[in-house]
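One structure is given here, and the rest of the page talks about it.
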Amino acid sequence: MAAQQAESPARIFIDGGMLIDGSGAGPGENPGILIEGERIRSLGGEAAGEPGTEVISAAGKWVLPGLFDLHVHVTFMLDGPRRLDDDIVNAIRSERFLERYQEIGVTTVRDVGAREWIGYSLKRTQRAGLMGGARYYTSGPIITVTGGHGSEFQPLHPPLWAVEADGPWELRERVREAIKLEADLIKVAPFLTQEEMDAVVDEAHIYHLQVTAHIGGTHDLDKQSGRIAVEAGVDSTEHMYPYGGPDVINAMVEKGIYVIPTLGFHLRELNDEYAANAEKQSAGWLSENLGHTYETMMAQFREMKAAGVRFAVGTDSNVKDLETIDKLYLQELQAFRTAGMSNGEIIQAATLRAAEAMGLDDELGSITAGKRADLILLSADPLQDISALVYPELVIQDGKVVCCGQRR
């Protein structure tokens, strides 16, 4: 399997080609990248003659940091029976999904709604070196209120992908349970009151865990969840439903709150691709009840961008997208382009901005000496053709060559 971990030499030297380092700087000639172990040791100089060094020629290619997807559900099967999916099959399929991500150059994913205990177990298995694939971070199940978003899939049973609680102290308990199980972040979904959201954010921040909040949707008919989350001081928000106006957007800029807009998800939603699952997911219902249309979504994105909001890439994928994740990820990138971002800005949203949104920018997101060695080599210029990003010729993660030769 292409994504399986392989033995790598002590040192790798990437020679030649053009470098897009993720920092936002323009492209330049690659000065030579020396990788030692899991880290980038240095940029510049010659290392071809040093013993134990493998030289990889990037002549005629483009070298970039590994990509991120900040909104995934690798254990979530959206279509089909909700409670008949075997846990072991689910876990094995989730591992393959992480491998598939790695094959398209995505070396880090953030799972913001995982099935029961499986996300935690995947993380521990990977950290123990027993499983490969894209580097996996998880919130565990979504934290919500009784009947809140995430609970609607199994209304007669305890939900698989969410935990419910009511009132600030019950919600604090859910945060503490997630921390006990080694969650990497907290994901919360509406509709929480201000007091409840304040409690979630306060409790998570005590333990130095970030909070990301699902904004809007069918559980937020008054369109107040954006204002409540921003007032509470979440670290990032998910989706591009209505946020509540310019004052909310300005507060997001002041507080440094990142947005993962999942534009591709909304395009699919507004194209009625999910309408068969629930009437409330039809484009007509969303327009009539939430004022959520293609035009309002794009207008809000552009308003946020003009105000200075920072965006990061997230697809809202789930495991049914395993074989088509390249197309789904590309749809997200192309939607950013349609919304007014340049290819260079999109690359940043998929690399350094995403690392910043996760609090990992001292480790990942750009090709910088001392950071983890996550790199991709492309055969075409992504500044000219954004689709080149998801079809890498070579993927390096933590200093190991993990795959190459993507199919289109």
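The values are calculated or read from the model by the stated rules, or taken from the named source; none is laboratory data. Worth saying up front: this structure is predicted, and the values here are computed from it rather than measured. Here the Cβ is made from the backbone with ideal geometry for all residues, glycine too, and neighbour counts use every protein chain on show. Ligands, DNA and RNA are excluded from the accessible area calculation, which covers all protein heavy atoms including side chains. Shrake-Rupley method; radii C 1.70, N 1.55, O 1.52, S 1.80 Å.
Secondary-structure-derived ellipticity at 222 nm for the chain, considering helices only, amounts to -9500 deg cm²/dmol, per-run term -39500 (n - 2.57) for DSSP H runs with n ≥ 4. Summary of packing: across the peptides 112-125, 60-73, the per-residue average of other C-beta atoms within 10 Å ranks them, highest first, as 60-73, 112-125. Each of the peptides 221-227, 138-144, 159-165 was scored by the mean count of other Cβ atoms within 10 Å over its residues; in descending order, highest first, they stand as 138-144, 159-165, 221-227. On segment 92-197, 57 percent of the accessible area sits on carbon and sulfur atoms, based on a 1.4 Å probe.
Averaged over residues, the count of other Cβ atoms within 10 Å places the peptides 13-22, 323-332 in the sequence 13-22, 323-332, highest first. Along the charge dipole of segment 321-408, pointing to its positive end and built from +1/-1 on Cβ of Lys, Arg, Asp and Glu, which listed residue (Ala369, Ala355, Val401) has its Cα farthest out? Most positive-ward Cα: Val401. What you get for the chain, charging only the Cβ of Lys and Arg (+1) and of Asp and Glu (-1), is a dipole of about 560 debye around the Cα centre.
Computed over the chain, the convex hull of the alpha-carbon atoms projects to a mean area of 18.5 nm².
Since only Val309, Ile56, Thr146 are under comparison, the one whose Cα sits farthest along the positive direction of the charge dipole of the chain, derived from C-beta charges on Lys, Arg, Asp and Glu, is Ile56.
With all pairs of separate Cα atoms included, segment 132-248 yields a Kirkwood hydrodynamic radius of 14.2 Å.
Taken about its Cα centre, segment 114-173 carries a charge dipole of about 540 debye when Lys and Arg each add +1 at the Cβ and Asp and Glu each add -1 at the Cβ.
Using the 1.4 Å probe convention, the accessible area of segment 110-201 works out to 39 Å² per residue with neighbouring protein chains retained.
Amide H contacts under 5 Å for Thr315: Leu70, His71, restricted to partners 5 or more places along the chain or on a different chain, H placed in the peptide plane at 1.01 Å from N.
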